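Undergrad: Below is one structure. I have some questions about it.
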Amino acid sequence: MTRILVTGASGFIGRALVNELADKGQTVRAAMRHPADIFPRSVEVVAVSDLTRPVEWRALLKNVETVVHLAGIAHADAAIAEEAYDRVNRLATAELSEAARAMGIRRLILVSSIRGPRRASCSAATTWPDAVRRAC
């Protein structure tokens, strides 16, 4: 059976998605910063560190066939430093994408916020993996 990793599982979309996948009989690994008992017992809940620091993705990706990446800063305002926004929404995503590729995971679904980086353009996203850069 396909194991699906859902990052940002405790968020608005994440909770609904994890519950729906579990209800459909999918094997789900729900990653969140503060694990809580909010899902059916069939869901494997795992802790993931704050994405403002590098994450060791390999353990989370073990035996996973599909990744749904929902974790990120969704509501950015002037109080959130541009560097933190970039680290969480761009660099952590690129690192996850690269780790998934290295482990042979062929399906990564990214759900992102509407806001893009303030300074960068798509052509400036040279550190993103090719698959992410092509989507710009």
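Undergrad: All but one of (1) at pLDDT below 95; (2) within 16 Å of the chain's Cα centre (by Cα); (3) among the aliphatic types (A, V, I, L, M) hold for I38, so report the exception by its number.
TA: Only one criterion is unmet by I38, namely (2).
Undergrad: Additional query: From the list R53, R29, which one is outside any helix (DSSP H, G or I), basic (K, R) and surrounded by fewer than 16 Cβ atoms within 10 Å (Cβ to Cβ)?
TA: Exactly one residue qualifies, and that residue is R53.
Undergrad: Still on this structure, please answer the following. Cβ-Cβ distance below 8 Å, separation of 6 or more or different chains: which pairs start in the stretch 90-105 with a residue that is touching a residue at least 60 places away in the same chain (Cβ under 8 Å) and of a type outside the set (G, A, S) and end on one that is assigned to a helix (DSSP H, G or I) and buried (at least 21 other Cβ atoms within 10 Å of the Cβ)?
TA: Every condition considered, the pairs that remain are L96/W57.
Undergrad: Oh, and also: For the stretch 66-88, which residues satisfy the criterion of being over 9 Å from the mean Cα position of the chain (by Cα) and either buried (at least 16 other Cβ atoms within 10 Å of the Cβ) or polar (S, T, N, Q) (or both)?
TA: Across the stretch 66-88, the qualifying residues are T66, I73, A74, A76, Y85, D86, R87, V88.
Undergrad: Filter the stretch 32-48 down to residues that are touching a residue at least 12 places away in the same chain (Cβ under 8 Å) and surrounded by fewer than 12 Cβ atoms within 10 Å (Cβ to Cβ), then give me how many there are.
TA: Qualifying residue count for the region: 4.
Undergrad: Could you list, in sequence order, the residues of the stretch 1-26 that are in a loop (DSSP other than H, G, I, E, B), without any contact (Cβ under 8 Å) to a residue 60 or more places away in the chain and within 13 Å of the chain's Cα centre (by Cα)?
TA: S10
Undergrad: Can you pull out every residue in the stretch 1-18 that is polar (S, T, N, Q) and surrounded by 24 or more Cβ atoms within 10 Å (Cβ to Cβ)?
TA: T7
Undergrad: So which residues in the stretch 49-92 are at pLDDT 85 or above, among the small types (G, A, S) and closer than 16 Å to S113 by Cβ?
TA: Hits for the stretch 49-92 are A71, G72, A92.
The values are calculated or read from the model by the stated rules, or taken from the named source; none is laboratory data. As the structure is a computational prediction, the values presented were derived from the model and not from experiment. Here Cβ is always computed from backbone atoms with ideal geometry, including for glycine, and neighbour counts include all displayed protein chains.
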